[in-house]
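Scroll down for the structure; my scribbles are underneath it.
The values are calculated or read from the model by the stated rules, or taken from the named source; none is laboratory data. Keep in mind that this is a model prediction, so the values were computed, not measured. Using ideal geometry, Cβ is built from the backbone for each residue, glycine included, and neighbour counts are taken over all protein chains shown. Quick note on the areas: whole protein, heavy atoms, side chains included, nothing else; ligands and nucleic acids left out. Shrake-Rupley method; radii C 1.70, N 1.55, O 1.52, S 1.80 Å.
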Amino acid sequence: MDSLPFVKMSGAGNDFVVIDNRALQHILTGDEIAWLCDRHFGIGADGLLAVEPSDQATADYRMRYYNADGGEAEMCGNGARCFARFVHAFRRANAEQVRFITPAGLITGEYVGEDVRVNLTAPTETKLNQRADFGWGEIEYHFMNTGVPHAIVYVPDAEQVEVVAHGRAIRHSPIFPRGTNVNFVQLLDASNLVVRTYERGVEDETLACGTGVVAVALITHLVHGRDLPLSLKVRGGDILSVNARQEGEAFHDVTLTGPATEIFSGEIKL
């Protein structure tokens, strides 16, 4: 049996299996990735990150991200922060940043003490003040693609939301032909929010979702007029910070900042 070295990492509770595949020696099937992410029979994670060589002069590496179901996704904000922390070991000790390519575009990771800040691609497909009935009465929702699609629903109390049942219904709605992640948001005060997220591909609530909190922060700025940066408390208990610069209807210099830590490392037989 082949043995696969890995590192288990956490980005605000969003956890990942990370592998060094710079030599492209590991060719994993979707079923193998799903098994590695299985919390009962594998390592257990929300997804898998693979470090690959970049084919572009502007990037140091390529980031490949796979959801827990084994399917490849365009982007993962917390995964990008963990990726940046992981590859820091391959760089000079005083390196302040790293650049890597993803299907969603070029990402810059910056080391800010123990935290990692990633500069994400500009959001697209913004839709505000939409209404639909997903099975429990008509509600208002908003939509933004921050590398992956996100629906945002504001609620009076995030603790009372049926995240899995309602998130699954919205995620599989024909309104979203590609599916969508779903974020339930409680506004606390002028600069603080609570976010709970149902993630497509994981098909469950996760402890954090980086692209989700970015979508929530930018939508909150547009819909509720809250000034950026915003602090967002995720299900795992950590606080993530989102900032951006708005010009007209467009956002630039979108950043996500928060913890990215190694939990343990090891080898597993495939």
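Summary of values
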{"read-out": "For segment 87-208: span of alpha carbons on each principal axis (Å, largest first)", "value": "55, 32, 24"}
{"read-out": "Amide hydrogen neighbours beyond the local backbone of VAL202, cut-off 5 Å, H modeled", "value": "ALA68"}
{"read-out": "Percent carbon-and-sulfur accessible area, the chain, ignoring ligands, DNA and RNA, probe 1.4 Å", "value": "47 percent"}
{"read-out": "For ARG226, residues with placed amide H under 5 Å, excluding near neighbours", "value": "HIS221"}
{"read-out": "Solvent exposure ordering (accessible area, 1.4 Å, most first) of GLU267, GLU205, GLU125", "value": "GLU267, GLU125, GLU205"}
{"read-out": "Unit charges at the beta carbon, dipole of segment 59-198: most positive-side option, PHE83, PRO174, THR146", "value": "PHE83"}
{"read-out": "Per-selection Rg to Rh, segment 23-114 - Cα, Kirkwood hydrodynamic radius", "value": "0.99"}
{"read-out": "Principal-axis tilt of helix 77-87 within the chain, Cα atoms, nearest 10 degrees", "value": "20 degrees"}
{"read-out": "Of every Cα-Cα pair in segment 167-249, the percent that sits beyond 14 Å", "value": "61 percent"}
{"read-out": "Stretch gain in nm, segment GLU72-GLN246, where the contour uses 0.36 nm per residue and the Cα spacing is subtracted", "value": "59.6 nm"}
{"read-out": "PHE90-LYS269 FRET efficiency (beta carbon distance; Förster radius 25 Å; 0.05 resolution)", "value": "0.50"}
{"read-out": "Per-pair calculated FRET efficiency, R0 = 51 Å: ASP2 and LYS127 via Cβ, rounded to 0.05", "value": "0.65"}
